[in-house]
Amino acid sequence: MLSDPFDRRSVLALAGTLVLVSTTGTQAKIRSDSAIRFGLTPVFLTSDLELLGRLEAYLQRATGSPVALVTRRTYQEITALLVAGELDAAWICGFPFVAHRDALQLVAVPLWRGRPLYQAYLIVASDRAASSLADLRGDVHAFSDPDSNSGFLQTRAALAEAGERPDGFFSRTLFTYGHRNVIRAVSSGLAASGSVDGYVYEVVSELEPRLTEGTRILRASEWLGFPPIAAPRQPPDPGRLAALTSALLAMADEPEGRAVLGMLRLDGFASEPPSLFDAIAAKAALVAAAG
């Protein structure tokens, strides 16, 4: 029976830092010309060693190549490695994908509850009377990451539409560098409100209901493209990328792959058009125009 990654350990503590993780590898392996280098950002639910080990084992068997999983604390660090061609592919967020669309290609998109979509949530304490974004004026507000769509961009865009900026609307903001940490910040009272990935919130609600029971969803965004797997437009090795793409798309058809998907509460990966992320691109353009 699979263990739940959240129940096994709280890896993403509020001040926690994701480090370079590979359950079988080293820095030397990551630099290996033959290894598939796959980056994971904080959109990845957990750095639980069992989950990472199962993911790595599946990808190595399915591709026939050694695989190095690379994680970093921020989206920016992984995106920089990806754009520079230091990674074959990475599981990033829709915001950095559209920001670097000229340099990146779409590899695959996870399917959650049967669709390649998710929502951004604004959350508050469960007993709070707030009913709209306007009611959050003066809050200490928790964001996930400045390059996160659900954990920053969607709230920033909603404020821009109202002629507001975070630094003028909220009394203070903080970045937790993890969606689970946003939930924890609001639940503990460290923040009065927060911007969080709806998929992460729903999975945490299932696996750790005590963490979310002190919070509620104030506002949900429109349905948006789920954080994708992306690769450099000019991949370091087309053969490695093709093998990784095939392994991801076939994951739901393989017992080992289904085990990993079960731990992630996902249904599989699918090929989707880049236009899936046009709504996120529109919000990014709105924020850029607002300055």
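No lab work stands behind these numbers, since they all come straight from the coordinates. Keep in mind the model is a prediction, meaning the values are calculated, not measured. Cβ placement follows ideal geometry from the backbone for every residue including glycine, while neighbour counts extend to all protein chains displayed.
Brief remarks on what is shown
- Of all DSSP-defined beta bridges confined to the stretch 115-237, some 65% are antiparallel rather than parallel.
- Scattering curve values for the chain, log₁₀ I(q)/I(0), Debye with Cα scatterers, q = 0.07, 0.09 Å⁻¹: -0.24, -0.41
- Extent along principal axes [Cα atoms of the stretch 120-221; Å; largest to smallest]: 38, 29, 21
- Mean-position separation - Cα centroids, the stretch 218-255 and the stretch 93-156, in angstrom: 19 Å
- Cα-based helix-to-principal-axis angle, 49-63 vs the chain, degrees rounded to 10: 40 degrees
- Taking Val287, Val140 and counting other C-beta atoms within 10 Å, the order from fewest to most: Val140, Val287
- Pairs of Cα atoms nearer than 8 Å and 6+ residues apart set the relative contact order; for the stretch 120-221 it is 45 percent.
- Most mobile of Ala129, Ala62, Ala247 in a GNM of the chain (Cα contacts under 10 Å): Ala129
- Ranking Ala103, Thr155, Pro166 by how far each Cα lies toward the positive end of the dipole of the chain (charges on Cβ) leaves Pro166 at the top.
- Taking Pro110, Pro66, Pro228 in turn, the Gaussian network model of the chain (Cα-Cα springs below 10 Å) assigns the largest fluctuation to Pro66.
- Build a GNM of the chain with springs between Cα atoms under 10 Å apart, and of Asp147, Asp88, Asp237 the one that fluctuates most is Asp237.
- Each Lys and Arg contributes +1 and each Asp and Glu -1, all at the Cβ; summed about the Cα centre of the chain, the dipole is approximately 320 debye.
- The Rg/Rh ratio for the stretch 56-208, using Cα coordinates for both the radius of gyration and the Kirkwood hydrodynamic radius, is 1.01.
- Across the chain, Cα pairs under 8 Å and at least six residues apart give a relative contact order of 27 percent.
- Each DSSP beta bridge with both residues in the chain is either parallel or antiparallel, and the antiparallel ones are about 60%.
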